[in-house]
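J.: Got a structure for you, questions after.
Read-outs: derived from the displayed coordinates by stated rules, not from any lab. Keep in mind the model is a prediction, meaning the values are calculated, not measured. Cβ: placed from backbone, ideal geometry, glycine included. Neighbour counts: every protein chain shown.
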Amino acid sequence: MNTLPDPHAPQRFTLSSLAAKWLGPATEACVAPLLLLVALYLPFAYFVLPEASALHLSLFGINLIGQIMCFALLALALDLVWGYAGILSLGHGVFFGIGGYLMAIYLLNGAYEQTHVLPDFMQYMGASEFPPLWKALSRLDVTVLATIVASAAVAAVFGFVTFRSRINGVYLSIITQALTYALMLLLFINDVGLGGNNGMTGFTQLAGHPVAGATTQIGLAVASCVLLVAAYVGVRYLTRSALGRALIAVRDDEARMRFLGYRTHTLKLLAWCLSAVLAALAGMLYVPQVGIVNPTIVSPQLSVEIAVWVAIGGRGTLLGAIFGAILVNGIKFWLTAELPAVWPFILAGVTLLIVVCFNNGVWGTFKAAAGRERQP
Amino acid sequence: MSNFRQTIAALVWLALALCGAGAQAAPVADMPRAAVLKAFCAPDGDKAAALTQLVALGVSAAKPADRAWARQIVEAMRNGALSCTADARATIQGTPPLDALTLQPATDATANPADTPYVPGILMMRKLSVASAEIDLFAPQRDTRDAAARQVDKFFTLLDPAVVARAIRQEHDPDIATTLTLAMAKRGLNSDVKAERLAAIKAVAEVPSQTARTALANFAAQDSVRADPDLRDAVQAALHHIDTWLTVGQALSILFSGLSYAGVLLLTALGLSIVFGLMGVINLAHGEFIMIGAYATYLVERFMQAHLPGLFDAYIFVAIPVAFIVCAACGMLLEFCVIRFLYRRPLETLLATWAVSIALIKLIQVLFGSQNLEFVTPAFLNGGMQVAPGFFVTYNRLFAIGLAVLIYGATFAVIRLTKLGLLMRATTQLRDMARCLGVPAERVDRVAFGVGAGLAGLAGVVLTQIASVNPSMGTGFVVDSFMVVVLGGAGSLAGTAVSSLALGEINQFIEPFYGAVAAKVAVLLLIVLIIQKRPQGLFALKTRV
């Protein structure tokens, strides 16, 4: 029996009605301004509000928000390739790491200029002077440019080789995981000259400001928020453009798109390189906020976790990825301090639940429910 | 059986006694002993020559009892307890005095307290100590031989080259053999006689090792050697010979360790490949099944130690079925609870199994702690043997290779010959058609998943003997075994075998020269290159999906 719903019937309180009420295009449009508001709020909360105020944020809290925003940007980057091009990369840590390590080299340049003392790991390796090659990255703008070029180049080479030979699906995921694993092992070696196991630390100044200073840290957190918003708006525009439509089509049926005459591997390569650059920028902002870079940021563990954030939030919905990264990392920071032994079980449990029962993730499920409610 | 042997031996003795004149006081076999003692006790006898005879008797392989006897006589000489009677027979003084020939308490006729014992001088003392060491070189206990070899090395100028050379040939333990070789080399090279030096060079070249090479190289640097063209050429030839053998030995040991690594990879990748071929599912928790298998082995080991200490060495064999069953049960549980909901979504399976893997690692950490587990290696897996100079086959790695080959064979048989294998192949080829024909695909999946997990558990059993066991031991292996599957082609047994062999060997050949990372990177590059030409792996199955 299929009857039209009675428009005058009293509305029942269900998940989908709730979703329909709150999750319209209007809500989605609010997210970007909301994140910008957070960016504005951070300096206000630290400098203006008195410490006794409930709305005051400590430097630690602001730093945490900044880090989470970097992770959200990373998740957004992965969602672009996974949610829209169907490429599940388990190696996005590689690009995050490229950004992080290049930024660290820039920061060590600054530290050397100030103190004229070689970093510990260089002294340990017996170096007597600052590596001349590193001096190329003594300016911030050059470093940013170098990061963009390097990450795009690595992504382009890897993507060209793999997409051209039509490696996709699980095969591609595994190879990207092996890539990040190999890079991690490489960075663990002292002779590579990037600090080995201990990584690089001892940063003092960033573009003339003390790295650990309140202004710099708040500035970095704000920059992370702003970059996240900019990336979100940009990627959102991209995915709704003709190019984005083509990408989605490739995700859903690559063979058909190829038969229709599209160069599918070029499309994928484009999204892949863009995603890599976003991930590298996230790494650049992340490193000065945590004050250290070491090989764990390219560990396969972190790279899988990025995919888990996206899966929990909902892939193919850009907001879902951002939401998932903020949610998981927020809980992680809180729980690893309170109940460190329990966190892996909770993460595993939530991941299983989402993946098995709610394929679209939290955001995606709400969105789908809202969609059903509006068009029964 | 032993009764039978004893009967035969008795019959032989009887026959010998009948054939012999029967009039002699001592049994036939003791004749050499009597001769040695007679030489020793002869009034104007050369004691050193008698000692050489004694050692020759002690180290002759004819009768183990002679060795013990000779050892005791030498000891008596060193203690100054051996004395000769008037009729040129010997007694060992003590309470009671012993007849040196029979080691039985001496009769009144032979024992005479007035006989003065033989007291060796300083040189003779050294010779005696070398003699006892030389006899000990043929002892069955490794530690005795080791101590003896050191003793021989200490007094290398006095050693008997024929005896020591024979000891080296018989020696299984490379350390002892090397010590002895070095002693021989020092003796011969320090000799003044050119012929002896040449012979020593040749002898050293016969038993190549790094130590021997160093000794020869030092020798070659001496001025007197460089002055003599014969010696110089001989040394160069010997060095070349040793280098050749050392290279061969090194190559063989790399090959061997690559083989054992390939064995573990094969066990791990086999399960992965079957599951991937059948269901298109990659199991990121596969490495954790290895870990569970290793921990199951640990529990079996502990249990056997506490309750069945007599059969302790057999724990590794008990652990094989236990680890298989435990891991297979875990695998089937995982399939039942998680994987079967995700068949059409392979990428999500990656995340789900990753979640399972971090939960399992944490669980084992909570239960057992995160330190490395200590395993007691079964006695028969301890040590190894030297097959070629510089190439030492350890039994634990041999065990790994053997088990891997055996299990590969068994898996191959199951897939090719049993009904389950038939159903698995049918489902792999074309799932929907198989289902139409009545193949219970879901049950096949579950069993296959269980088998795959069980095989990973067996890899865990093997790894307890050759690697360290801790909660995160599986994570490193899983990337490598994925590479095997990607290279070999999913679901192909032959492909898995070939590619695990290739990757295992490549890893071990690159690692000693360029490091583990270079090995991993090279493997990755190789795979990316090969996949350019053969996207489905080297041995892609013909499926109809």
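J.: For the range B:308-394, state which GluC sites (Glu not before Pro) are in a DSSP loop and have at most 13 other beta carbons lying within 10 Å of their beta carbon.
T.: Passing sites in the range B:308-394 are B:Glu374.
J.: Take the range A:235-279, drop everything but the C-alpha atoms, weight them equally and run the Debye formula without solvent; then report log10 I(q)/I(0) at 0.14, 0.18, 0.26 Å⁻¹ to two decimals.
T.: Debye curve over Cα of the range A:235-279, log10 I(q)/I(0) at q = 0.14, 0.18, 0.26 Å⁻¹: -0.31, -0.50, -0.93.
J.: Can you put A:Cys357, B:Cys337 in order, fewest other beta carbons within 10 Å first?
T.: Placing the least packed residue first, the sequence is A:Cys357, B:Cys337.
J.: Take B:Thr91, B:Thr116 and order them by how many other Cβ atoms sit within 10 Å, fewest up front.
T.: Going from sparsest to densest Cβ surroundings: B:Thr116, B:Thr91.
J.: Another question, then. Across peptide A:178-184, how many C-beta atoms of other chains are within 10 Å of each residue C-beta, on average?
T.: Going residue by residue through A:178-184 and averaging, the value is 6.
J.: In addition: From zero up to wherever the largest Cα-Cα distance of the range A:302-376 sits, split into 5 Å bins and tell me the percent of pairs in each.
T.: In order of increasing distance, the bins hold 3, 18, 23, 23, 16, 9, 4, 2, 1, 0 percent.
J.: Given q = 0.07, 0.13, 0.15 Å⁻¹, what are the Debye log10 I(q)/I(0) values for the range A:37-298, with equal point scatterers placed on the Cα positions and solvent ignored?
T.: -0.28, -0.87, -1.07
J.: Here is the link list: B:Lys127/B:Lys202; B:Lys38/B:Lys63; B:Lys419/B:Lys533; B:Lys63/B:Lys194. Which ones come out longer than 32 Å on Cα distance?
T.: B:Lys419/B:Lys533; B:Lys63/B:Lys194
J.: Tell me the mean residue ellipticity at 222 nm calculated for the protein assembly as shown from its helices only (DSSP H runs of n ≥ 4, each -39500 (n - 2.57), averaged over every residue, nearest 500).
T.: Calculated at 222 nm, the ellipticity per residue is -23500 deg cm²/dmol.
J.: Counting every Cα pair in the protein assembly as shown, what percent are over 55 Å apart?
T.: Considering the protein assembly as shown, 35 percent of its Cα-Cα pairs are separated by more than 55 Å.
J.: Shielding by partners for B:338-350, please: the mean number of other protein chain Cβ atoms within 10 Å of each residue's Cβ.
T.: Other-chain Cβ atoms within 10 Å of each residue's Cβ, averaged: 4.
J.: While we're looking at this one, here's another question. Any idea which of B:Ser468, B:Thr181, B:Ala323 is furthest toward the positive side of the dipole for the protein assembly as shown, if Lys and Arg beta-carbons carry +1 and Asp and Glu beta-carbons -1?
T.: Looking along the dipole axis, the top candidate is B:Ala323.
J.: Evaluate 2.2 N^0.38 Å with N set to the residue count of the range B:465-507, then give the Cα radius of gyration divided by it.
T.: Dividing the Cα Rg of the range B:465-507 by 2.2 N^0.38 Å gives 1.27.
J.: Below 8 Å between Cα atoms, with a sequence gap of 6+, how large is the relative contact order for chain A in percent?
T.: 33 percent
J.: Another question about this same structure. Taking N as the number of residues in the range B:195-349, what is its alpha-carbon radius of gyration divided by 2.2 N^0.38 Å?
T.: 1.87
J.: Something else now. Going by how many other beta carbons lie within 10 Å of each one, how would you line up A:His56, A:His265, fewest first?
T.: So the residues, fewest neighbours to most, are A:His56, A:His265.
J.: Counting only Cα atoms, I'd like the Rg/Rh figure for the range A:247-374, Kirkwood definition for Rh.
T.: Result: Rg/Rh = 1.04.
J.: Could you give the semi-axes, largest first, of the ellipsoid that matches chain B, computed as the square roots of 5 times the alpha carbon gyration tensor eigenvalues and rounded to whole Å?
T.: So the equivalent ellipsoid measures 64, 30, 20 Å along its semi-axes.
J.: Here's a follow-up. Short version: what are the Cα gyration tensor semi-axes of the range B:259-367, square root of 5 times each eigenvalue, largest first, in whole Å?
T.: 29, 16, 11
J.: Between B:His172, B:Ala162, B:Ala205, whose Cα lies farthest towards the positive end of the dipole of the range B:159-227 when Lys and Arg beta carbons carry +1 and Asp and Glu beta carbons carry -1, centred on the Cα centre?
T.: B:Ala205
J.: Using a 10 Å cut-off on Cβ to Cβ distances, tally the other chain neighbours for every residue of B:354-366 and report the average as a whole number.
T.: So the per-residue partner count for this stretch is 5.
J.: Taking A:Lys367 as the anchor, which aspartates and glutamates have their alpha carbon closer than 13 Å to its alpha carbon, excluding any fewer than eight residues away along the same chain?
T.: Here the aspartates and glutamates satisfying the reach criterion relative to A:Lys367 are A:Glu28.
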